[in-house]
Amino acid sequence: MAEMSSAERVMRTLQRQEADRIPHFEWIIDRRVRHALCPGSSFEEFSVRMGLDAIITGPDFTKEQIGPNRWRNEWGSVLEQTAEEYPIAVDGPIKTLDDLRRYRPPDPNAPGRYKSLERMVGLYKGRLAICVHLNDVLSIPRNLMGFENLMMAFSEPDLIRALVDLSVEINIEMARQVAKRGADLIFTGDDYASTEAPFMSPKMFEELLLPGLRRVVAGFHEHGLPIIKHSDGNIRPLIPMLVDAGIDCLDPIDPLAGLNMAEIKAQYGGRIALKGNVNCAQTLTFGTEQDVIAETREIIRTAGPGGGIILSSSNSIHSAVKPANYLAMLNTIRQHGRYPLNLDAAP
């Protein structure tokens, strides 16, 4: 097959077809790993220099520092910077339905909101798949209330539905704006589960979250944007509903929660593409390079035929991942992930 651009490779894979080879990209690559392989590189520079197939960006929201490791963003959420690359929300402005009625979210059409995307489109459009991080139905409610408060609020259906509506409406509008500016696809990072089970019962998910998920996915599609839906953990009880909601790709098929790429592809590969699932909690962190090569080859062997997979870590390249192990995964994808697949070549 003729060589494709990264953008063509990713979009063909999302259509559940074989590209020239299996694509690879990550949502997060911690600076410790980046700098070990490409000293001083930003995530963008690393993605370009290492030949990843997508460039990741998002709307630009301002924040102000309110403590040594804490910031408050435009949403009113308090973020705490941890040892990892990605900050976590530790407090939010909403505790009750009355708080929500008084709340005003950030303007999705504010000047400069899409400056980063516009720059990346100018640099990479047609070369790399331009992926914008938006949200669907759980992350914004979680950040506005705090995780524990949100879980307790599931006993107040009106509050949950109103939070979901807010998230859906603003994300559909942001999707409209990023589509106009040349984005290729959306990824939503709203986690629904722990390693053991979903955060809420499947019945509660179906009643309170699924209608909003259907609306936001339809809104993204209306603007021509396929969606990669991310959720760690044991989402097995929810997968039929996610597929029915119309997502284009499911990520990261968490092996720590007992999910297997080949099994999920056998069940749902006729309707969705898949992304994942080299174990970043174990193999990429504690294994040898040979362990990583073997696991990556096995995913290619069992899930690669027919296309429709993006091979990556099972969550992110976090700070404890061995740089040499990440490189071993990347090189194995390049060597053995070309169609027609040939796993007989020596590693």
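Among the residues of region 278-307, those that are under 20 Å from Asp20 (Cα atoms) and of a type outside the set (D, E, K, R) comprise Thr296, Ile299, Ile300, Thr302, Ala303, Gly304, Pro305, Gly306, Gly307.
Residues in region 223-235 that are touching a helix residue (DSSP H, G or I) at 6+ places or on another chain (Cβ under 9 Å) and surrounded by 18 or more Cβ atoms within 10 Å (Cβ to Cβ): Leu225, Pro226, Ile227, Ile228, Lys229, Ser231, Asp232, Gly233, Asn234, Ile235.
The residues listed here are Glu84, Glu74, Glu26, Glu44; of these, the one that is surrounded by 13 or more Cβ atoms within 10 Å (Cβ to Cβ), among the acidic types (Asp, Glu) and in contact with a Pro (Cβ under 8 Å, 6 or more places away or on another chain) is Glu74.
Among the listed residues Leu284, Leu274, identify the single one that is crowded, with 24+ Cβ neighbours inside 10 Å, modelled with pLDDT of 95 or more and farther than 23 Å from Arg31 by Cβ.
On the way: Leu284 fails: farther than 23 Å from Arg31 by Cβ.
Unique residue meeting the criteria: Leu274.
Exactly one condition in (1) of a type in the set (D, E, K, R); (2) over 30 Å from Arg12 (Cβ atoms); (3) within 21 Å of the chain's Cα centre (by Cα) is not met by Asp158; state its number. For Asp158, the exception is condition (3). Taken over region 47-75, residues that are part of a loop (DSSP other than H, G, I, E, B), closer than 15 Å to Pro108 by Cα and not β-branched (Val, Ile, Thr) amount to 6.
Among the residues of region 55-71, those identified as closer than 30 Å to His24 by Cβ and surrounded by 13 or more Cβ atoms within 10 Å (Cβ to Cβ) are Ile55, Ile56, Thr57, Gly58, Pro59, Asp60.
Annotation note: Cβ proximity below 7 Å between a residue of region 208-230 that is without any contact (Cβ under 8 Å) to a residue 40 or more places away in the chain and a residue that is hydrophobic (A, V, I, L, M, F, W, C) and surrounded by fewer than 21 Cβ atoms within 10 Å (Cβ to Cβ) (sequence gap 6+ or interchain) occurs for Leu210/Met241. Within region 45-103, the residues that satisfy the criterion of being among the acidic types (Asp, Glu) and at pLDDT 95 or above are Glu45, Asp53, Asp60, Glu64, Glu74, Asp98, Asp99.
I need the full set of residues from region 111-136 which are surrounded by fewer than 18 Cβ atoms within 10 Å (Cβ to Cβ) and either in contact with a Phe, Trp or Tyr (Cβ under 9 Å, 6 or more places away or on another chain) or within 19 Å of Ser316 (Cβ to Cβ) (or both), in order please.
Answer for region 111-136, where residues must be surrounded by fewer than 18 Cβ atoms within 10 Å (Cβ to Cβ) and either in contact with a Phe, Trp or Tyr (Cβ under 9 Å, 6 or more places away or on another chain) or within 19 Å of Ser316 (Cβ to Cβ) (or both): just His133.
The values are calculated or read from the model by the stated rules, or taken from the named source; none is laboratory data. Keep in mind it's a predicted model, so treat the numbers as computed, not measured. No Cβ is skipped: glycine too gets one built from the backbone with ideal geometry, and neighbour counts run over all protein chains shown.
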